[in-house]
Every structure is written in C-alpha cells, then in structure tokens.
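The values are calculated or read from the model by the stated rules, or taken from the named source; none is laboratory data. It should be emphasised that the depicted structure is a prediction, and the values quoted were computed from it without experimental measurement. Using ideal geometry, Cβ is built from the backbone for each residue, glycine included, and neighbour counts are taken over all protein chains shown. The area values use the complete protein model at the heavy-atom level, side chains included, leaving out ligands, DNA and RNA. Shrake-Rupley method; radii C 1.70, N 1.55, O 1.52, S 1.80 Å.
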There are 2 protein chains.
Amino acid sequence: MVIKILGSAAGGGFPQWNCNCRNCSRFRQGRVRSSARTQTQIAFSPDNQTWFLVGASPDLRSQILCSRALSPRAGDTSSPIAGIFLPSAEVDAVMGLLHLREFQRFVVYATAAVQDMLKAENRIFQVLSRGNPPVEWRTLSSKGRVGCYFSDDPGASFVCDTIPLSNSFPDYVGFKFRGVEGTNEASVGFLFGIAGKSFLVAPSLSNVDGFRHTAALSADLMLIDGTFWSDDELRRTGRSNKTAREMGHLPLSGPGGLLARFPRDVPGRRILIHINNTNPILDEDSEEHRVVRDAGFEIAYDGLEIRL
Amino acid sequence: MVIKILGSAAGGGFPQWNCNCRNCSRFRQGRVRSSARTQTQIAFSPDNQTWFLVGASPDLRSQILCSRALSPRAGDTSSPIAGIFLPSAEVDAVMGLLHLREFQRFVVYATAAVQDMLKAENRIFQVLSRGNPPVEWRTLSSKGRVGCYFSDDPGASFVCDTIPLSNSFPDYVGFKFRGVEGTNEASVGFLFGIAGKSFLVAPSLSNVDGFRHTAALSADLMLIDGTFWSDDELRRTGRSNKTAREMGHLPLSGPGGLLARFPRDVPGRRILIHINNTNPILDEDSEEHRVVRDAGFEIAYDGLEIRL
C-alpha cells in the first residue's frame, strides 16, 4: 500500500494569502528554514492502480497535478481516483469536491451529519450530480466499518472503520443541521485496514480519549492533528479570538496537550498533519520543532510518501 | 495601471485532472508545445498598491502566492486585495471566494442575480461573514456604473461599467433563482475606466452584439471569451453533450463564430482568455493557433502582465 501526503497544512495553507505572522512573513523573506505547504490532503492506493482520497482540500486540483500516479493513464478516459472519505464538512475538508466537478463517477464516503451539512444547504455541490452515472454518496455509521471492494483482485480490497471524534461544526452550518449532541458524527477519524496493515487519519482531534480504546492505537501509521502548538496561538498572533480547543483541536504543548497526553507505548509511526501557518514547529530550527521530534513525532510535508 | 493574468484556462484548467483529450494527454507526455494554465483569474491595480480581482477562480490561493505584489507587504497585517468583481456565479468564477475566508474585509461587487444564486442556497459562503468587519457585498446594476474610491489619491479611483451579457445560469442553481428572462444579469462583462484608459473583461460571451453598441469596443484592452474553437468541441472529445453555445460561449471558428463576427475596426489589444483544455489553440504549433494570431488576437497565458 502507498500513502501520499499531498498537502500537510491546516486551512489557508502555508504561507497564508493574507497573513503576515512570524512564520508567513519570514517565509516570504526567505528567512526561515521551512517548506511551503498546501492544505491537508491524503491519497492512498491499495494496489498502486486505484486511488482513494481522505478529505477534499481546497488545493486538490494542483495536488492531483503534482502526482503523476493520480492522473489518467495513457488510453484511459478518466482519473484513477475511485473514492473520497470526508472527515468533516469543514471548508478545508470539502471544498476540493468542487475541483472534481468534471463529469466523473466516484464514491463519496461520509457520515449522515457531514452529508446533511454539505448538501442540504449548499446546492453548489450538485455539480457532482451532472455526470452519467453521477457521483455516489455512501453513508458511514459513526462507529461502523465499511468494506471497499473496487477491483476483481480480492487482495486489493480494504476496510475502513469510522471513529467518532467530536460534534464540532463548521461556522457556516445552519442551526438545523448542527446535529444531535453526543453523536460525535460531525468530525470523524478513519482507520484503514489493508492486507494486514492499518493506518489512522485524524486531522481534527479534540482529545486523545476518542480513540484510546479502539484499534487505532495499534495502527502501523497514525496521521494526526498537529494544527496548533498552543491553545491561544491564534489569539496571540491576532488571527482569531478562538482557542485551539474551541476550534476542535487539542494543542501540541501544555499539560493537557497532545504531547503530554499521548500514550507512550504506541508501536506505529506517528506523523503530524494539518499544521497551521502560525505553528512554530514549521520552523525547522525552532525549539518547538525539536521538542516534537524528540517526543517521537514526525512533521508532515507535502510530497511525503509512505509504503506499508 | 497594471493588469495581471493570473490564470487563463476555462473551468478545470489545463491539463484537467480527469481528462485524456488530445491536448491533456500530449501535454502530460511532453509532446506538445504549450503551457499549463490555471483557471481564469484577472487582477489589476490602479496604483500598484491596492489590488482588485475579476472573478474568484478555484485556483486563487496558488495564484495569489505566485504574485508577490498580491501578498501582504512587510509590516502590513492584511492582503492588498480590496475588492472582487464577479462576472457570474459559475463555479470557476466564485469558488475562489472560499479561499479568501480567513477573516479579512474586502468588497464583493456582483449583480443581484449573481448574489442570489450564490448566497440564498449556499450557506458555505457565509464563512466570508466571520471577519470583523465582515466582507461587504455591493450590488451592481446590470447596466450601471459604479465608482471605486479606495484611497486618498483621487487619481487612483476608477469606474466600472457592468455590461449584461446573458441569462445563462450555472447547472447547480435552483429554479427559484434562475432570474427574470431578458435581464441578462446572470453573466456580465466589466469595462473598467482608469485615468483615461479602459479595459474590458468578458470571459463568457454568447454573442458579440452584447457590447457592440457600448464603449466596450473602444477599450484599450479587451480580455474576451476564447473558451472553445468549435461549437461541438466537447461532444467530439466526449467530455459533454452540450455545445459551446448551449454553455453560453460563442465558439471562435465557423461562420457565426467570434473570429468571423468580431468588428474589424477595433483599436485596442485583444486577448483571448478562459481557454478550455480541449481548445486546439493551446497547441502553439497548431493551425488553429496560427489562424487566431493572424486574425489579430493574442492568446492569454498565466503570468501575462499588461500596463496601460
């Protein structure tokens, strides 16, 4: 199995179009050792032929073009992308669906809550129905498993467990679709199991208890929420009045942060994704970058490829 | 005044993510003399300080990053982009608004019809209201003129005439918002007048009569619809069942096409924009490319900059 990190930044990317924070301004001036990052986008292929996406980033068009494996092969009339798993209805997880409006069939896997937020009040996504056959939506139960059999080769099939993570809703969602308290279907993680290997994707993690008692912790690879270093990061940089936790993200640092709370005995590779432009770990010479690496976490970058 | 063509392709860009047409497949194989193109996006600045956009392309984030002039200057806390003129509610003209969701005030200029299509049935655009102050929407009359005074320097102000072009609605728009027949407010062109110079932007032109009797034909620069070479181009390449005309675009070739119908005595520079991935003029060695150039039209490419 191949997993590609096509994008590794949080919403807005790095640098961000209207931001002059310490990271963004120093990056534009060439004064920081770091890499530009597009918005978080994962792609994986069980057989190196058919591809699946996790999330649909606002940068998806350019991310697909950067990867020859995701382009139509000679003689084919369509893309090798067969399905998309949506972890939430946040703009940076769904906007890319509009990049895929050019008359191709694929399957979108999402919880009922995510589908409601997206479709009921946003007709623009109906551009996905123009194809013949149209894009197909399949509903994920927030605690269920779905099997994906997409080719004649049974070895290429895989399973996906949906892990309910939080009831944090995007700002744009109307009251009517803010879902049932406690269902935690608004933001989910995915645990993919393929040929005896597994990997977790959880770009929004409001606490580590969410998957503490699941098989997630034994995954061979964990792609997890590295959005913010500190809880008040956006306030201090003047970008927002919200804390990391209010936005559904456990910060990396602090006594209750991800680094402190994360179980010590996790066997798999741990890679931080969805890194905000304000996060000091983006600076490869920073103390925060060193602390994260010393704690056993890798920091995702665009183009990182993993084979399991 | 500076005008930048940040993107020059039609919806989907060139190459297109799921397309293997003659242009896209040869481009991927390095077998055609042509340039990759992002989706049509114009930026202009009357004073080289404050910038305005025409359209909000799906590729807007990367297009802004490619142009240093559009990034925050040292010491500034926000982008120099002050306003956006929307020619239609088509996905490739509005999706980029979602790239600009990061808490900045700017002004969106659009007809009432375009605003209705966009806002009434698409809550996702409410992310633009999160800032303090929020993004401001100003309504353009389809035959009116608006004056833009954005700095203390009166020489930096400009006027914008809205030119009604067609009542062609995007596929996703519900029946209720398909507007009043004959108002032609669904798709408009813009004629900008600044310090004695003028330029026209019309990425969707269903006929040339639309601006035949206006000041548009005397513009110093015309950025006009070069989407399709022939009326049945999408049918022949298997991409759609619609003709160019059914999609609101006058094809370039044929007895009733743009090249045949365009007035001979136009004084200004004429540049084709919004070029579809299937259009043979993208191949710089093609007969169609030569015919267009011989007829006095330039073919836009990403990065083209014009000073008036």
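Of note:
- Members of segment A:9-34 that become less accessible by 40 Å² or more once partner protein chains are added (1.4 angstrom probe, chain alone as reference): A:Trp17, A:Asn18, A:Asn20, A:Arg28
- 1.4 Å probe accessible area per residue over the protein assembly as shown, in Å²: 38 Å²
- Segment B:165-172 - phi-based ³J(HN,Hα) in whole Hz, Karplus 6.51/-1.76/1.60, Gly and Pro as x: 10, 6, 9, 7, 9, x, 4, 7
- Look at the Cα gyration tensor of chain B: its axes a ≥ b ≥ c give a/c under 1.5, and that counts as rounded.
- Rounded to whole Hz, the Karplus (6.51, -1.76, 1.60) HN-Hα couplings of segment B:197-205, x for glycine and proline: 10, 9, 9, 10, 10, 8, x, 10, 10
- Amide H partners (placed H, <5 Å) of A:Glu90, local residues excluded: none
- Computed FRET value (nearest 0.05) for A:Val159 with B:Asp153, which takes r as the C-beta separation and R₀ as 41 Å: 0.05
- Listed pairs A:Lys119/B:Lys119; B:Lys119/B:Lys176; A:Lys4/A:Lys197; B:Lys143/B:Lys176 exceeding 18 Å between Cα atoms: B:Lys143/B:Lys176
- Accessible area of segment B:54-115 belonging to carbon and sulfur atoms, whole % at 1.4 Å probe: 51 percent
- Inter-part distance where segment A:17-81 and segment A:235-308 are each reduced to a Cα centre, Å: 19 Å
- Across the identical copies, how the A:Gly147 labels are spaced - nm, sorted shortest first, 7 Å along Cα→Cβ: 7.2
- In the assembly of identical copies, A:Ser35 has its label point, taken 7 Å from Cα in the direction of the beta carbon, separated from the corresponding points by 2.7 nm (ascending, one decimal).
- Fraction of antiparallel bridges per DSSP, chain A only, in percent to nearest 5: 50 percent
- The B and A chains share an interface that buries close to 4500 Å² of accessible area, total over both sides, probe 1.4 Å.
- In the protein assembly as shown, the alpha-carbon atoms span a convex hull of 145 Å³ per residue.
- Sites B:Glu284 and B:Asp171, calculated FRET efficiency, Cβ-Cβ separation with R0 41 Å, nearest 0.05: 0.80
- Value of [θ]222 nm, deg cm²/dmol, for chain B, DSSP H segments ≥ 4, -39500 (n - 2.57) each, nearest 500: -2500 deg cm²/dmol
- Listing of segment A:61-91 residues, each with accessible area lower by at least 30 Å² in the full protein assembly than in the chain alone (probe 1.4 Å): A:Arg61, A:Leu65, A:Arg68, A:Pro72, A:Val91
- Mean separation of Cα pairs under 8 Å and 6 or more residues apart, divided by the residue count, gives chain B a relative contact order of 19 percent.
- Other copies of B:Ala74: label-to-label distances in nm, shortest first, labels 7 Å along the beta-carbon direction: 5.1
- Charge dipole of segment A:178-308 about the Cα centre (unit charges at C-beta), most positive-ward option of A:Pro255, A:Ser198, A:Asn276: A:Ser198
- Where labels lie 7 Å past Cα in the beta-carbon direction, separation of B:Arg22 and B:Asn241 in nm: 2.5 nm
- Pairwise FRET efficiency - B:Ala74 versus B:Ala36, Cβ, R0 = 35 Å, nearest 0.05: 0.70
- Shape analysis of segment A:95-241 yields a ratio of the Cα radius of gyration to the Kirkwood radius, Rg/Rh, of 1.00.
- Modelled label positions at A:Arg145 and B:Gln49, each set 7 Å beyond Cα in the direction of Cβ, lie 6.4 nm from each other.
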